[in-house]
Amino acid sequence: MQSAIFFALQHNCGQMEKTPSGCQKEEKKGKMKRTIIKDWKTRLGYFLQNSSTSTKTKSNKKGKQHSYFRPSPEEAQLWSEGFDELLANKYGLAAFRAFLKSEFCEENIDFWLACEDFKKIKSPQKLISKAKKIYNEFIEKEAPKEINIDFQTKNMIAQNIQEATHTCFGAAQKRVYSLMENNAYPRFLESEFYQELCKKSQITREPQGT
């Protein structure tokens, strides 16, 4: 009887050595979450710092400037009212792109932004040149940032860029917009990164002299 009990205890101990405890699993999950949030913060800071329109400055009485790199919680909460609200905000756009980059699908927002810039071009020559560049980067098979659109839409774009107009990427842009609005956008709103922006107060950089 004692031998049987000893054998059972020995067997259980052996299994415990092979299987991580619940505490270890939770600790591992916590570390992963902290790493993801830190990565998003780094990427967001990078995008904001490298965008000419992504920071705003205010001068204090001494003439020193403060650059604000994140929105107030109230401003961040407005992004949840609609996808357009998020895209219209320079900080929101940078945060959303950082989120997409963490999910390895930033080509969608990059394509959408390229189409927005494309529609502002006035020169017919530049329009054709830009259309071909967008096609090579996002549309053609095995393009560096190939987006997920159907074969028929790809063919239609290939034909239209020969005599490019402002609407030649219209169908593809709508498709990508819908994809982001219905899939990535809800995940972004549920992400810990976004929830943190909504809770914490605005952070400023160290003042720099002018």
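Please give the charge dipole size of segment 74-210, origin at the Cα centre, charges +1 on K and R Cβ atoms and -1 on D and E Cβ atoms. Round to the nearest 20 debye. Intermediate results must be reported in sequence, preceding the final value.
Numbers: 19 positive and 22 negative charges, 128 e Å.
My answer is approximately 620 debye.
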If the chain between residue 183 and residue 119 were fully stretched, how many nm would it gain, using 0.36 nm times the residue separation less the Cα-Cα distance?
20.5 nm
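Leaving ligands and nucleic acids out of the surface, order 129, 123 by accessible area at 1.4 Å, largest first.
Values: 129 75, 123 40 Å².
Listed by decreasing accessible area, they come as 129, 123.
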Pulled fully out, how much extra length does the chain show between residue 155 and residue 190, if you take 0.36 nm times their separation in residues and subtract their Cα-Cα distance?
9.0 nm
Please list 188, 104 from largest to smallest accessible area, probe radius 1.4 Å, with all protein chains kept in place.
104, 188
Sum of side-chain charges, residue 154 neighbourhood, beta-carbon under 15 Å (Lys, Arg +1; Asp, Glu -1):
-1
Projecting each Cα onto the charge dipole of segment 98-174 (Lys/Arg +1, Asp/Glu -1 at the beta carbon, about the Cα centre), which of 99, 164, 123 comes out farthest on the positive side?
123
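Relative contact order for segment 104-180 using alpha-carbon pairs under 8 Å, separation at least 6, rounded to a whole percent?
This gives 38 percent for segment 104-180.
The values are calculated or read from the model by the stated rules, or taken from the named source; none is laboratory data. All values reported here derive from a predicted model rather than from experimental measurement. Don't worry about glycine lacking a Cβ; one is built from the backbone with ideal geometry, like all the others, and counts go over all protein chains shown. These accessible areas exclude ligands, DNA and RNA; they are computed on the full protein's heavy atoms, side chains included. Shrake-Rupley method; radii C 1.70, N 1.55, O 1.52, S 1.80 Å.
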